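Peer 1: Would you mind keeping the following structure in view while I ask a few things?
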């Protein structure tokens with residue numbers, strides 16, 4: 001469903017985390033420092049783009065024994081009814097191993113846990129996304145309170161009124177978003193994170209690994225937010241639709257434009273190349289807090305080989321970094337939607 005991020009203080013230590021369901025799952029764990037640009041104001045907020053790179057540990061990992069529309073069944077009785085929904089908070093399932101590698105990294109939120117070996121998902125993963133014999137893992141969602149602190153320990157600008165005077169957190173899934181802010185509290189309404197639209201409590205609003213966050217900073221000071229958790233291994237599948245897409249980077253290793261996998265050579269499965277940024281799909285980064293556009297050039301060898309170039313000065317951009325923990329924009333200019341498989345290391 002943003003800003004400069006540094007991984008200068010990051011550890012990836014392999015720990016054997018014992019699952020509450022009796023399985024031992026080995027996860028790399030660590031922490032990351034996310035830097036939010038300052039220099040904004042109420043009238044001209046400064047944008048920072050980020051991604052929830054670190055996540056909760058795996059709670060269950062096993063093999064699908066049956067899948068029918070939105071219901072997935074595994075063997076045995078590894079959990080209790082209602083474990084992955086309701087009062088226990090929101091969870092999601094990920095396809096982590098499949099006979100079709102391009103599907104690995106597909107995710108869906110869990111709607112309910114009706115029996116001790118079945119889950120019901122928000123999306124129908126039975127259609128070309130998962131099959132009997134595939135491996136799944138289940139994690140609890142990272143929430144707004146997890147990343148920014150239930151009491152706004154991140155230090156974002158709060159308000160005793162509404163989002164118009166506070167820093168805003170926009171959670172993006174491709175091209176759609178929802179806005180939240182920190183309310184400092186008045187009698188009858190406790191302090192906490194709330195929806196900018198309907199003022200519903202938002203501490204437990206999830207931020208999925210395939211979602212991105214835009215911070216609209218309305219204060220002068222820059223911020224550094226430290227986030228700890230489990231490192232995601234393997235690809236993460238994200239939808240890219242026509243128009244503007246804000247995409248996260250759940251890979252803790254970071255990527256470059258050249259190895260991002262956004263360019264596949266097929267306009268139907270990746271970004272569209274072109275002779276200039278006016279016709280090609282654009283990738284827009286906010287590394288310094290200001291947008292910088294790049295596109296994939298079809299090539300005019302030998303002087304200008306095919307590859308990634310900066311839109312304004314046509315400098316080579318193959319090695320331009322998309323840092324771990326950041327997010328970026330893809331401006332899709334026609335053609336069908338496609339699934340981008342963000343590459344991540346399989347081990348650390």
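The values are calculated or read from the model by the stated rules, or taken from the named source; none is laboratory data. Note that this is a predicted model, so its numbers are computed, not measured. Every residue, glycine among them, receives a Cβ derived from its backbone with ideal geometry; neighbour counts consider all protein chains shown.
Peer 1: Count, please, the residues in segment 219-237 that happen to be in contact with a strand residue (DSSP E or B) (Cβ under 8 Å, 6 or more places away or on another chain) and outside any strand (DSSP E or B).
Peer 2: Counting residues in segment 219-237 that are in contact with a strand residue (DSSP E or B) (Cβ under 8 Å, 6 or more places away or on another chain) and outside any strand (DSSP E or B) gives 5.
Peer 1: Exactly one condition in (1) outside any strand (DSSP E or B); (2) more than 29 Å from residue 72 (Cα to Cα); (3) within 17 Å of the chain's Cα centre (by Cα) is false for residue 169; which is it?
Peer 2: So residue 169 meets the others, but not (1).
Okay, residues lined up against (1) closer than 30 Å to residue 161 by Cα; (2) at pLDDT 60 or above; (3) assigned by TED's automatic domain parsing to the domain that holds residue 116; (4) within 17 Å of the chain's Cα centre (by Cα):
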position	(1), (2), (3), (4)
10	no, no, no, no
16	no, no, no, no
21	no, no, no, no
24	no, no, no, no
27	no, yes, no, no
34	yes, yes, no, yes
40	yes, yes, no, no
43	yes, yes, no, no
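Peer 1: Output the residues belonging to segment 238-254 that are part of a strand (DSSP E or B) and surrounded by fewer than 19 Cβ atoms within 10 Å (Cβ to Cβ).
Peer 2: Result: 239, 243, 244.
Peer 1: Is it true that residue 77 is within 25 Å of the chain's Cα centre (by Cα), over 22 Å from residue 233 (Cα atoms) and at pLDDT 95 or above?
Peer 2: Judged against the criteria, residue 77 is not a match.
Peer 1: Still on this structure: For the condition assigned by TED's automatic domain parsing to the domain that holds residue 42 and within 19 Å of residue 105 (Cα to Cα), what is the one hit in 231, 205?
Peer 2: Of the residues listed, the single one that is assigned by TED's automatic domain parsing to the domain that holds residue 42 and within 19 Å of residue 105 (Cα to Cα) is 231.
Peer 1: Looking only at segment 148-159, decide whether some residue is at pLDDT 95 or above and part of a helix (DSSP H, G or I).
Peer 2: yes
Peer 1: Regarding residue 324, is this residue over 18 Å from residue 49 (Cβ atoms), in the same structural domain as residue 263 (by TED's automatic domain parsing) and under 16 Å from the mean Cα position of the chain (by Cα)?
Peer 2: Taking the combined requirement at face value, the residue does not satisfy it.
Peer 1: For segment 267-275, check the following and say yes or no: at least one residue is surrounded by 14 or more Cβ atoms within 10 Å (Cβ to Cβ) and farther than 19 Å from residue 174 by Cα.
Peer 2: yes
Peer 1: Based on what the data block shows, is residue 127 surrounded by fewer than 18 Cβ atoms within 10 Å (Cβ to Cβ), over 17 Å from the mean Cα position of the chain (by Cα), on the phi < 0 side of the Ramachandran plot and modelled with pLDDT under 95?
Peer 2: yes
Peer 1: Something else now. For segment 91-107, enumerate the residues that are modelled with pLDDT of 95 or more and farther than 18 Å from residue 233 by Cβ.
Peer 2: The one that is modelled with pLDDT of 95 or more and farther than 18 Å from residue 233 by Cβ: 91.
Peer 1: Further question: When segment 42-95 is examined, which residues are found to be at positive phi and assigned to a loop (DSSP other than H, G, I, E, B)?
Peer 2: Listed by number, the residues that qualify are 69, 76, 82, 89.
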